[in-house]
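Reading through the structure tokens given below for one structure.
The values are calculated or read from the model by the stated rules, or taken from the named source; none is laboratory data. Keep in mind that this is a model prediction, so the values were computed, not measured. Note that we place each Cβ from the backbone using ideal geometry, even for glycine, and neighbour counts take in every protein chain shown. Protein only, heavy atoms only, side chains kept; ligands, DNA and RNA dropped before computing areas. Shrake-Rupley method; radii C 1.70, N 1.55, O 1.52, S 1.80 Å.
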Amino acid sequence: STDRGKTWSAVDPGVKKAFTHLAVKGDELLLPTTGSVLVSKDGAAWTEAADKAAYGDLPSPGAQRKCAAGLPKPGEPCRVQREVTTPETFPWMTLLDFRGDFGVIGGQDGLVAVTTDGGVTWKHTDGFKFWGDLRDLAVNGDRVVAVSTQAVFVSGDQGKTWRRADLPKNLGELKSAYVDPD
């Protein structure tokens with residue numbers, strides 16, 4: 001993350017080794033592993049150090065408290081852990097898109113559900129089932145698009161309200177969704 005945890009990008013360090021924490025030493029980010037250390041200057045590109053001993057004693061994860069509701073102060077370690085389960089009343093879920101704590105899931109019977117708290121609570125709309133099978137979902141900012149085989153539903157307020165988009169006749173079957181940043 002380059003914005004203090006508001007958004008995240010997944011990065012593959014390129015080495016399939018387990019690590020337990022991220023350490024900072026000077027201007028380098030370090031991922032200590034069993035027998036080696038992965039090193040990065042920017043968090044995006046990682047290399048395996050030829051000699052772990054060259055880094056001396058690496059900082060250990062130390063005692064970490066659970067993060068409070070907000071973000072930790074710069075340099076303050078804390079542990080974030082979140083477990084989310086789908087409510088038992090929901091049908092089988094097949095689609096998912098998250099941006100921070102805002103997420104949308106979709107599943108059988110045209111169900112679309114949104115969360116603004118990282119999945120702790122969900123609000124759902126099931127009226128889409130009358131417009132064919134749900135095929136795809138997309139999120140960008142407050143905007144959500146739900147695509148069924150026969151229609152497109154759009155929300156500009158994180159799924160609080162929805163409208164059916166007018167599409168040209170004889171368009172054919174729809175299969176995917178995308179929300180442009182602009």
Amide N proximity, the range 143-159 versus K169 label position 7 Å along Cα-to-Cβ, cut-off under 18 Å | 150-152
Extension gain from S1 to K25, taking 0.36 nm per residue of separation minus the Cα-Cα distance = 6.8 nm
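Please compute the length gained on full extension between S36 and T161, using 0.36 nm multiplied by the number of residues separating them and subtracting their Cα-Cα distance.
On the way: separation 125, 0.36 × 125 = 45.00 nm, distance 5.15 nm.
Fully extending the segment from S36 to T161 adds 39.8 nm.
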Considering only protein heavy atoms and a 1.4 Å probe, what is the carbon-and-sulfur percentage of the accessible area of the range 135-182?
-> 44 percent
